[in-house]
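Below you'll find the structure, written out as structure tokens, and then a few comments.
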Amino acid sequence: MVATAPPAGTGLAVSGLAVNYGAVPALRGVSLRVPAGSVVAVLGANGAGKSTLLRAISGTLRFHRGAIGGGKVSWSGTRLSGLAAPAVVARGVTQVPEGRRVFARMTVEENLRAGGLGGGRRSAAAREEVLALFPVLAERAHQRAGLLSGGEQQMLAIGRALMARPSMLLLDEPTLGLAPLMAARIAETVKEINARGTSVLLIEQNVAMALSLASYAYVLEVGEVALEGPTAELAAGDEVRRRYLGVGDPAAERPLDGSAGRRTLGRWRA
Ligand code: ATP
């Protein structure tokens, strides 16, 4: 399999990114791209650095006592690295944090308002779009967010992020802990959000789902990109199938020839 990088152009570009928590390195020289209009997935085991990557992009690392140690992040040519979180949102890049964090004591309506940028006509239009995407949020508008089901809270967390009308959405494990039907519903929503023109960088434990939603995927291993490629190729290849999808023939282990230099199967062996 030959890993072909996504075409250059507008979109998100992460190059040579290094992140440390104090003296502990969490990302080392990570480079990836999300072409405008696409869905790209980041896979990897617990602790591989997936959330750290999203935090570095969204400007929220400092809340976790992390810092960028090198490299850069840019969105459509504008440098994001070094900006505070609100400035990143203002440039069109919004993160839905892991754990479907909502303001539990606030109503659904208040949660949505908290995601809007400055109110006004723009927020009213965003609110209409969010409620069209998630009609259940309109039904529950005056309920406290803490009383919603897990799936509804995830919808609210995504809806709140959409209130800023982002060009790019960063999603951290949106289906984690959800029942299969609800997870499928969230996946459909991600497709719809993308179809409306928003680029998506998706971290997802459900690898089968991630591969079906994204056109290209990167696999992080201990803070580095260990493998990347078009999802159709990754899904058909032995490595991702065996390591993440639980299928495949162990005897089929062999190097991924021509995989852009940095990826050989040797990297996969513990
Ligand atoms: P998970 O799927 O478990 O969330 P992940 O791939 O998102 O894992 P990260 O949470 O980004 O991985 O963690 C990457 C590395 O950085 C891990 O070694 C983790 O222990 C470390 N780490 C993450 N957050 C902090 C923090 N606030 N302080 C110190 N180390 C951290």
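The values are calculated or read from the model by the stated rules, or taken from the named source; none is laboratory data. Just so it is clear, the structure is predicted and the values come from calculations on it, not from any experiment. Backbone-built Cβ (ideal geometry, glycine too); neighbour counts: all protein chains shown. We work out accessible area using only protein heavy atoms, side chains counted, and drop any ligands, DNA or RNA first. Shrake-Rupley method; radii C 1.70, N 1.55, O 1.52, S 1.80 Å.
Would you confirm, using the coordinates I've provided, whether A217 is within 16 Å of the ligand (Cβ to nearest atom) and in a helix (DSSP H, G or I)?
No.
If you take just the helices (runs of 4 or more DSSP H) that sit entirely in the range 106-194, which of them hold at least 3 residues that are open to solvent by 40 Å² or more (accessible area, probe 1.4 Å) and without any contact (Cβ under 8 Å) to a residue 12 or more places away in the chain?
120-133, 135-139
Of all residues being at positive phi and near the ligand (Cβ under 9 Å from one of its atoms) in the range 37-73, which is farthest from the chain's Cα centre (by Cα)? Just the residue, please.
Among those that are at positive phi and near the ligand (Cβ under 9 Å from one of its atoms), it is R65.
What number of residues in the range 49-89 are under 24 Å from L137 (Cβ atoms) and among the hydrophobic types (A, V, I, L, M, F, W, C)?
Summing the residues that are under 24 Å from L137 (Cβ atoms) and among the hydrophobic types (A, V, I, L, M, F, W, C) in the range 49-89 gives 3.
Filter the range 89-98 down to the residues that are in contact with a strand residue (DSSP E or B) (Cβ under 8 Å, 6 or more places away or on another chain) and open to solvent by 60 Å² or more (accessible area, probe 1.4 Å), then identify the one that is farthest from D172 (Cα to Cα).
Within the range 89-98, the match that is farthest from D172 (Cα to Cα) is R91.
May I ask you to verify whether G82 is without any contact (Cβ under 8 Å) to a residue 24 or more places away in the chain and either open to solvent by less than 10 Å² (accessible area, probe 1.4 Å) or not charged (D, E, K, R) (or both)?
So G82 fits the description; yes.
Which residue out of L80, L27 is within 14 Å of the ligand (Cβ to nearest atom) and either within 19 Å of the chain's Cα centre (by Cα) or hydroxyl-bearing (S, T, Y) (or both)?
The conditions single out L27.
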